[in-house]
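Participant: Dumping the structure here so I can ask a few things about it.
The values are calculated or read from the model by the stated rules, or taken from the named source; none is laboratory data. In this text the structure is predicted, and so the values were computed from the model without any measurement. Positions of Cβ are generated from backbone atoms using ideal geometry, with glycine treated the same way; all protein chains shown enter the neighbour counts.
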Amino acid sequence: MTAQVVAFWTLAAVAVASGVAVFVTGSMARATFALLASLLAAGLTFLLIDLQYLSFLIIVMMVMEMLIMAVYMVMYMMNPAGLMPMTMVHNRRGAVLIASAVFVLLAVGVLLTPWPARRGAPPPDPTRQLGLSVMGPRMLVMIVIGVAILATMVAAIVLATDRGRYDRSGDEHDRWGRAT
Amino acid sequence: MSLRAFLLLAAALFSTGVYGVLSQRSIVMVMMGLELMLNGLIVAGGAFWYHVAPVNADGQVLVLVAVTVMALEMAMGFAVTTALFRARDLDETDGAGDLKG
């Protein structure tokens, strides 16, 4: 076994184990950091297939994302500080059955499908290839992503904000501007 | 590493996410399951780029899109949860069953 094989299976085991830990641990804050560990391990596997830039991108984005997520997890925590013991799952048996069936189905497909042989070789610098692609023939993808991010920012603020367009007099007034 | 090994990892991550989405009661925990499923998709996208078609960057672009989708999904999910919490004081999927459809 080469070092690469060892590294891959170690990272894969960490990724799946922390993925499972997300739903096993009782604390939603701990679940967030378990998910972060899973995402980081998956991102690090990209180093084994020459995708240094995407690996870095995944790690940086997911660290920020999970830190923000941790705040929300504390906000909506179901069992804060273990003071409200309760079950966090419903229909566990059905979910386990369906998830196992999905895994078996996917794994059988992965192992039995005659995957096509590789066409061509990876470029010496995949990051340059990606950059030239999104600034050239795949620019439409980047444009759509940009619009989607803008739409998400507007929609998320509209959904999350407490007041509508016309009650702008502040917390001390009702929507017609009268003092409350 | 072979394509199959990467796809097996992707399948394991995806199925773990499926379990979370189906079993968790808290809306934000359901989103954690969705993130895990997308994580599997990212692994598969990168592996397909390297092992099947490294000549053009389509696989890499797919990973880029999936990473963005993960962030957007989280933002919208928390916005919806906040709106639901404001309107009905609930943070569980069972309380919002009337949104089904």
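Participant: Please give the number of the condition B:Asn39 fails out of (1) facing chain A (nearest Cβ under 7 Å); (2) over 30 Å from A:Asn91 (Cα atoms); (3) touching a helix residue (DSSP H, G or I) at 6+ places or on another chain (Cβ under 7 Å).
Facilitator: (2)
Participant: If you don't mind, another one. Report yes if B:Val18 is modelled with pLDDT under 90, at the interface with another protein chain (Cβ under 7 Å from one of its Cβ atoms) and either in contact with a Gly (Cβ under 7 Å, 6 or more places away or on another chain) or surrounded by 20 or more Cβ atoms within 10 Å (Cβ to Cβ) (or both), otherwise no.
Facilitator: No: the conditions fail for B:Val18.
Condition check ((1) crowded, with 16+ Cβ neighbours inside 10 Å; (2) in a loop (DSSP other than H, G, I, E, B)) across all residues:
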residue: A:Ala95; (1), (2): yes, no
residue: A:Ile98; (1), (2): yes, no
residue: A:Val102; (1), (2): yes, no
residue: A:Leu106; (1), (2): yes, no
residue: A:Leu111; (1), (2): no, no
residue: A:Trp115; (1), (2): no, yes
residue: A:Arg118; (1), (2): no, yes
residue: A:Ala121; (1), (2): no, yes
residue: A:Gly136; (1), (2): no, yes
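Participant: Give me the pairs: first residue in the range B:66-81 and more than 7 Å from every other protein chain (Cβ to nearest Cβ) and surrounded by fewer than 20 Cβ atoms within 10 Å (Cβ to Cβ), second residue assigned to a helix (DSSP H, G or I) and hydrophobic (A, V, I, L, M, F, W, C), beta-carbon distance under 8 Å, and six or more apart or on different chains, which are they?
Facilitator: Listed pairs, sorted by first residue: B:Ala66/B:Leu38; B:Ala66/B:Leu41; B:Ala66/B:Ile42; B:Val69/B:Leu38; B:Glu73/B:Met31; B:Glu73/B:Leu34; B:Glu73/B:Leu38.
Participant: I need every pair where a residue in the range A:118-132 that is of a type in the set (Phe, Trp, Tyr) has its Cβ under 7 Å from the Cβ of a residue that is loosely packed, with under 12 Cβ neighbours inside 10 Å, sequence separation at least 6 or different chains.
Facilitator: Close Cβ pairs (under 7 Å, with a partner that is loosely packed, with under 12 Cβ neighbours inside 10 Å) do not exist here.
Participant: In the range A:107-122, what count of residues is obtained for those that are under 16 Å from B:Val52 (Cα atoms) and facing another protein chain (nearest Cβ under 7 Å)?
Facilitator: Total meeting the criteria: 9.
Participant: In the range B:48-62, is there at least one residue being more than 7 Å from chain A (Cβ to nearest Cβ), surrounded by fewer than 21 Cβ atoms within 10 Å (Cβ to Cβ) and of a type in the set (A, V, I, L, M)?
Facilitator: yes
Participant: I'd like to verify a number: residues in the range A:35-65 that are more than 9 Å from chain B (Cβ to nearest Cβ) and surrounded by 22 or more Cβ atoms within 10 Å (Cβ to Cβ), how many?
Facilitator: Taking the range A:35-65 as the starting set, the residues that turn out to be more than 9 Å from chain B (Cβ to nearest Cβ) are A:36-37, A:40-41, A:44, A:47, A:52, A:56, A:59-60, A:63.
Keeping just the survivors that are surrounded by 22 or more Cβ atoms within 10 Å (Cβ to Cβ) gives A:41.
Of the residues in that region, 1 qualify.
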